[in-house]
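Before any comments, here is the structure.
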Amino acid sequence: MTPEALAALHRAAFATERAWSADEFRSLIDSPHCHLTSDTHGFALWRAVADEAELLTIATHPDHQRQGVARSLMQQWMRAAARTASTAFLEVAADNAAAIALYGQFGFDVMARRVGYYKRADHAADALIMRASLPPT
Ligand SMILES: CC(C)(COP(=O)(O)OP(=O)(O)OC[C@H]1O[C@@H](n2cnc3c(N)ncnc32)[C@H](O)[C@@H]1OP(=O)(O)O)[C@@H](O)C(=O)NCCC(=O)NCCS
């Protein structure tokens, strides 16, 4: 997937967040320790440093949601990350029920909350920091 395609899919999937530009994706993909896991209708961007992995973002195109795309991406990136990392982290808005349910299926638990972190048009949503253990491969 090109940086332009990633930016277009990100813009389509994230209704309430700022869209990431193609240049931002290019720079992330080129940065050390950053990895892209993708298929036709979705992608996960993550990084692994030392013993820890972090999911930076994951998205499925709205026309292809609820078809197991994100589940497959989670399986792939967590399996790859487990080669070097033992713990995975991510951050998610507390009002993003779909993503929280997805992460719960993969063993992520809330370890911290940043109150009012995400500014919306008419309110602020908390950010949840979630953590999961990665099984040794
Ligand atoms: C969150 C997101 C990536 C899920 O992608 P998806 O491909 O539709 O997810 P899947 O079909 O693989 O679903 C896997 C599990 O996620 C959860 N899930 C996905 N969409 C859901 C929804 N709309 N409501 C509740 N749970 C949902 C369910 O637990 C689901 O398992 P189930 O089908 O057995 O119930 C997708 O909704 C998306 O791109 N959202 C916008 C971007 C975003 O919020 N990314 C996360 C930022 S931290």
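The values are calculated or read from the model by the stated rules, or taken from the named source; none is laboratory data. None of these values were measured; they are calculated from a predicted model. Every residue, glycine among them, receives a Cβ derived from its backbone with ideal geometry; neighbour counts consider all protein chains shown. Accessible surface areas use protein heavy atoms only, side chains included; no ligands, DNA or RNA. Shrake-Rupley method; radii C 1.70, N 1.55, O 1.52, S 1.80 Å.
Pairs of C-alpha atoms in the chain farther apart than 27 Å represent 16 percent of all such pairs.
Whenever you get a sec, compute what percent of the accessible area on the range 10-109 sits on carbon and sulfur atoms (1.4 Å probe). With neighbouring chains kept in place, the figure for the range 10-109 is 48 percent. Directionally averaged projected area (the range 63-121, Cα convex hull): 5.4 nm². Dipole magnitude for the range 33-128: computed about the Cα centre from +1 point charges on Lys and Arg Cβ and -1 point charges on Asp and Glu Cβ, it is near 80 debye.
Taking every alpha-carbon pair under 8 Å whose residues sit at least 6 apart, the range 1-131 reaches a relative contact order of 18 percent. Dipole of the chain computed with +1 at Lys/Arg Cβ and -1 at Asp/Glu Cβ about the Cα centre; of 32, 82, 61, farthest Cα towards the positive end is 82. The residues of the range 3-133 present an accessible area of 55 Å² per residue when probed at 1.4 Å with all protein chains retained. Ordering 93, 107, 20 by Cα displacement along the dipole of the chain toward the positive end leaves 107 in first place; charges were set at the Cβ atoms of Lys, Arg (+1) and Asp, Glu (-1).
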